[in-house]
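Let me begin by presenting the structure, written as C-alpha cells, before commenting on it.
The values are calculated or read from the model by the stated rules, or taken from the named source; none is laboratory data. Just so we're clear, the structure is a prediction, and the values are computed from it rather than from any experiment. Cβ coordinates were reconstructed from backbone atoms using ideal geometry, including for glycine residues, and neighbour counts include every protein chain displayed. The area values use the complete protein model at the heavy-atom level, side chains included, leaving out ligands, DNA and RNA. Shrake-Rupley method; radii C 1.70, N 1.55, O 1.52, S 1.80 Å.
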Amino acid sequence: MRGTPRVAILGCGNRGADVYARLLAAQGAAVTALVEPRPARLAEVAARHGLGPEHCFAHWDDFFALGRVADAVVIATPDDAHVEPCLRALALGYDVLLEKPICLDEADLARVLDAEARSAGRVTVCHVLRTTPFFQAVLRVLRSGQLGQLVGIQHAENVAWWHYAHAYVRGHWRASPPAAPFVLAKSSHDLDLLRAFAGTPPVEVHSSGALLHFRPEHAPAGAAERCVLCPVEACPYDARRIYAACSPDTWPASVLTAGGTRLEEALASGPYGECVYAGHNNVVDHQAVTVAFAGGVRAQLTVGALTHNNTRTLKLLGSHGELRGHLERGELELHDFRRGSPLRWQVDTAGNHGGGDAGLVTAWLRFLRGEAVVPTPLAESLDSHRIAFAAERSRLGGTVERLALQSSGPGERQAASEHKPSERL
C-alpha cells in the first residue's frame, strides 16, 4: 500500500489504546476508527486521536457493517472475544494485528488459519518479545552457529509477586474460564520464543503446576475483604501500597483509572482493591512445562508468581557453547567451549516489554507499507498456543501429550491442531 496506513482499534483497553494506538500514531499511522463498549473510555481515546462520534463504535458489528473503511485493524478485545472479530476482519480483507491469546478453544486455531488462507489479509499475533533487541540478539547467536547444535533450552518467566497479584489474582486473567489458562495468558510469549529458538514444531508436551498460595486458607488472621479496610500490617499484597508506587496514569495503576475513575474509588469498590486471599481466582501460581521439538531439541519453561523481579532469564545449551541471558538487565553471556573466557555484552532493553511493543509495531507497519513480509507467519504463531493447550491438558490430567504433525511448507512440518491420544504418567 502507499501513503499513511489507516488503522482501526477494536478494544480500547491498556493494550489497544495505551500501547498499540499510541505507538501506531507515533510511527506515522492514522488511527481512523475505535471500537469500545465503555462510553467514557471511548470518548477519552477518541479525544487523543481527534476522532468524532462517526468514527466511534460500541460494538464491532457496527464498524464492520461499513465494509472495508481502513487498511488494517488491531484486535485487543478481551481474551474470549478475539476470534469472531478476527474472522470478520479477514472476511473483509483486513490485515490484522491480533492480541494474544488468539483464542480460548483450541479448535478455533484452525478456523482462524483457514480464514486467513481465504483472505487477502494476513494475521500478525502480538508476540512482542520476538522483536526486542534482546531476543533478536539471542537469535543472531543461534543463527551464527557459535553454539554448535542446539540441544536444550532452559527458560524462566519471573512474573513478580506484585504483577501476579495485579493481573492474575485481582485482574482480568484471574479465572479460567472465561480468561485463558495461565500458561496461555502469561506465557504464550515465552512458548513462542521456545518455538523460535528450536526452529521446528513441537511434538511432545508435559506440564505440572498448581495454585498453592493465593487461597482463602492462607489469609492472615483478621484480614478484611478489601485492602482499604484491612488492619493487617506489612502485607506485601496491600493494594494501596502496590498502586501508590506508580503514578495514576502509568501502568499498572492506569488500568484502574481508565475512563476517569479515581484510584481511591477503584480500590474501594473494584476488583483491584480486593484481598488476594478472597478466593476469586483459580489460575496457577507456579507451573513447569517441558516441550520436545521435532529434531530433538528439548525445552523447559518455568513460570513463577513469587519472584522479586519481573523478567525472563534463559540458557541455550549447544554442542559447542552455552548462551545465558537476563532480559531485565539486558545481559548476555556466551561461553564458547573452544575458547577459554566468556564473552559478555549488554543489549538495550528500554521500553515496554524490553522494546518489543515498539518493535512489533515498527515491523507490522513495514509490512503494511509493503516494505517487508509479515513479522511472523500465523501458522508458526499457532504453535505457542498448541503447546499451551497441550500443557494445560497435561497439567490437569497428568499426561504426556503427543502433538501430531502435518505439512506446512518447504523444509518444515507443522504441528496439527488435533492431538494424538495422550499417555498418563
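At a glance:
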| read-out | value |
| --- | --- |
| Counting DSSP beta bridges with both ends in the chain, the antiparallel % (nearest 5) | 65 |
| Within the stretch 268-284, backbone nitrogen closer than 19 Å to the virtual label 7 Å beyond the Cα of residue 224 toward Cβ | 268-280 |
| Packing rank of 271-282, 326-337, where each peptide gets the mean count of other beta carbons within 10 Å, highest leading | 271-282, 326-337 |
| Other-chain or far-sequence residues with amide H under 5 Å of residue 95's (modelled H) | 73, 122 |
| Residues with amide H under 5 Å from that of residue 328, placed H, sequence gap 5 or more | 312 |
| Per-residue ³J(HN,Hα) for the stretch 328-344, Karplus 6.51 cos²θ - 1.76 cosθ + 1.60, θ = phi - 60°, Hz, x for Gly and Pro | 4, 8, x, 9, 10, 9, 10, 9, 8, 5, 8, 10, x, 10, x, 9, 10 |
| Debye equation applied to the C-alpha atoms of the stretch 110-234, log10 I(q)/I(0) at 0.10, 0.20 Å⁻¹ | -0.53, -1.32 |
| In order through the stretch 250-255: 3J(HN,Hα) via Karplus (6.51 cos²θ - 1.76 cosθ + 1.60), integer Hz, x for Gly, Pro | 10, 5, x, 4, 4, 5 |
| Rounded percent of accessible protein surface that carbon and sulfur make up, the chain, 1.4 Å probe | 54 |
| Accessible area (Å², per residue) of the stretch 45-189, counting only protein heavy atoms and a probe of 1.4 Å | 36 |
| Relative contact order (percent, whole number), the chain, Cα cutoff 8 Å, 6+ residue spacing | 20 |
| Rg in Å to one decimal, and Dmax rounded to a whole Å, for the stretch 270-334 via C-alpha atoms | 17.0, 54 |
| Mean projected area (nm²) of the alpha-carbon convex hull when the chain is viewed from all directions | 21.5 |
| Sorted peptide list for 135-147, 94-106, 283-295, criterion being average Cβ within 10 angstrom, highest first | 94-106, 283-295, 135-147 |
| Sum of side-chain charges, residue 239 neighbourhood, beta-carbon under 9 Å (Lys, Arg +1; Asp, Glu -1) | +2 |
| Calculated FRET value between residue 331 and residue 249, using beta carbons and R₀ = 35 Å, to 0.05 | 0.70 |
| Quarter of Cα convex hull surface for the stretch 227-367, i.e. mean projection, nm² | 13.8 |
